[in-house]
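Each remark here refers to the structure printed beneath this line.
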Amino acid sequence: MWRDPTMTFTEHLEEFRWGLIKSFAAVVLASFSCFFFSDRIVAFMIAPLKRGLQPGESLIGTGVTEAFFFEMKVALVAGVFLASPVIFYQIWRFIAPGLNESEKKLVIPFVLFTSFFFIAGAYFCYWGVLPVAFQYFIEQYRSLDVSPEIRIGEYFTFFSRMVLAFGITFELPLFTLFLVRLGIWDYRFMWRTFRYAIIVIFIVAAILTPGPDIASQLLLAVPLTILYLLSIGVAYVWRKAE
C-alpha cells in the first residue's frame, strides 16, 4: 500500500529510514550469498587485468588477512548489484507519494529499467573500459622496465569505483525522466544545450577515465552522448504523452 501523499516531514523521514534499513538488509543477505561463490566472482573480477599480464606479472597480497577481507569486499560489491532491484524499489516507495495514481503503477518498469541500466553500465565498464585502462597502466610499468605486482586491495578499490561509477552514470535517462516530471528540464532545453552538454560529457570522461589517451575517454564519452540523446527522446515522449 502506498503512503498518503499528505505525509508529514517526520513521516517521510521515517519512510526513508525504513527504506535504508530494508536496502541494507537486502545487501547483507545478497552479500552473504555471494560470499559462498567469492572464488568465482574474484576470477571474473580480475579477468580484465590478467588478460594484460605477462608471465611473471601478477596480483599479490601483503597481509595475513588480506585475502579474506578481499573476498568479503568482493561479495559486498556483488551483493549491491544483486540487491539493486530491492534498493531501487525502496527508492520508488520513497518518491511514490509525490506521484499520481497512473505514475505509481509504473513501479515494475521503474525497478526493471533502473536495475538494467545500473548493471549494463557496470558491465560496459568491465567489458570495454577496464581492459583498455589496465593495458595502459601496465605498459607504464613496462616502459620503466619494472615488473608490475599489483596488490589485490588496491585493485579492488580501483575496480569497484569504476564499475559503480559507470553503473550510476547509466541511470541518466531515468534521472532525466524525473527532472522532466518535476518541470525542471524539457526536451527543448536539452536539445538547445546539446553542444554544451557534449563539452561537459568530455570533461567528465576525462576525469573518470584513468588514462590521458583519447581512446579511453571516448569509451565513456560515446555512451554518455548516446544516453544524453536517449534522454532527450525520453523527455520528448513524456511531454507528448501528458
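What follows draws every value from the coordinates through simple rules; no lab data is involved. Predicted model, so just to flag it, every value in this text is computed and none were measured. Glycine also receives a Cβ, built like all others from the backbone with ideal geometry; neighbour counts cover every protein chain displayed.
Structure values in brief
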item	result
Phi-based couplings in Hz for segment 46-54 (Karplus 6.51, -1.76, 1.60; Gly and Pro marked x)	8, 4, x, 6, 5, 5, x, 8, 9
Approximate spin-label separation S33-V204, in nm, with each point projected 7 Å along Cα-to-Cβ	3.1
Scattering profile of the chain at q = 0.10, 0.12, 0.13 Å⁻¹ [log10 I(q)/I(0), Debye over alpha-carbon scatterers]	-0.61, -0.83, -0.94
Listed peptides 161-167, 139-145 by packing density, highest first (mean Cβ within 10 Å)	161-167, 139-145
Label-to-label distance, nm, for residues given as Y123 and N100 (7 Å Cα→Cβ offset)	3.6
F44 paired with L20, simple spin-label distance in nm, labels 7 Å along Cα-to-beta-carbon	3.0
Order by protection proxy (mean Cβ within 10 Å, highest first), peptides 32-45, 60-73, 107-120	107-120, 32-45, 60-73
Test item: Cα-centred dipole of segment 1-150, Lys/Arg +1 and Asp/Glu -1 on Cβ, debye	300
Helical contribution to [θ] at 222 nm, DSSP H n ≥ 4, -39,500 (n - 2.57), averaged over the chain, rounded to 500	-24500 deg cm²/dmol
Positive-pole candidate from M162, A205, Q54, dipole of the chain, charges at beta carbon	A205
